[in-house]
Amino acid sequence: MNETSQERSAFPDDETLLADLDRLIDSVDPVPDGLIERVQFAIALENLDVEVARWERADALTGVRGTDEGTITFTVSDLTVMINLTRVGMHHRIDGWLVPAGEFGVEVRVSEHGSSCTVADEGGRFVLDHVPRGTTQIVVTVGGSASGRTVVTPTVIL
């Protein structure tokens with residue numbers, strides 16, 4: 001059975017079908033607000049030669065989003081980064097420990113707020129007060145900037 005040109009025109013073309021499907025997906029399952037900005041923040045490191053730590057442990061109330069207080073541990077090969085978050089007013093205090101201990105550079109990056117830097121003491125402890133709310137990452141420079149080893153934690157939304 002042959003279709004006539006009039007019968008063929010009754011069916012939408014591929015581009016129309018794909019456009020309709022795109023609108024349907026956007027209405028049923030839209031991209032979460034701020035997702036694109038969070039992804040850009042996570043990959044916008046000046047030095048792309050970094051090691052990315054993984055979540056090792058987080059207490060029951062701590063998660064990737066809405067973290068107000070709790071302890072999170074990240075690991076990568078031979079380095080562990082443990083942070084304790086305490087909400088103080090509209091900001092957070094980060095108490096952190098690095099294992100193995102050492103005087104490593106620590107940077108806390110907060111999307112749209114810039115970064116704060118400190119140096120862990122010889123015991124591996126560091127503290128950052130007044131960390132603003134937002135998408136946050138911790139960057140540890142192991143052995144000084146000359147070593148070329150940088151470790152980055154996954155993002156946490158404070």
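The residues listed here are 101, 58, 53; of these, the one that is at pLDDT below 70 and among the hydrophobic types (A, V, I, L, M, F, W, C) is 58.
Would you call residue 80 at pLDDT 90 or above, farther than 20 Å from residue 152 by Cα and open to solvent by less than 90 Å² (accessible area, probe 1.4 Å)? Considered against the rule, which asks whether it is at pLDDT 90 or above, farther than 20 Å from residue 152 by Cα and open to solvent by less than 90 Å² (accessible area, probe 1.4 Å), residue 80 comes out as no.
The residue of segment 1-36 that is nearest to residue 110 (Cα to Cα), among those that are at pLDDT below 85, open to solvent by less than 100 Å² (accessible area, probe 1.4 Å) and part of a helix (DSSP H, G or I), is 35. Residue count for segment 130-149 satisfying the condition of being loosely packed, with under 13 Cβ neighbours inside 10 Å and in a strand (DSSP E or B): 1.
The values are calculated or read from the model by the stated rules, or taken from the named source; none is laboratory data. These numbers were taken from a predicted model, which means no experiment stands behind them. A quick note on method: Cβ atoms are made from the backbone with ideal geometry, for glycine too, and the neighbour counts reach across all protein chains shown. Keep in mind that these areas ignore ligands, DNA and RNA; they rest on the heavy atoms of the full protein, side chains included. Shrake-Rupley method; radii C 1.70, N 1.55, O 1.52, S 1.80 Å.
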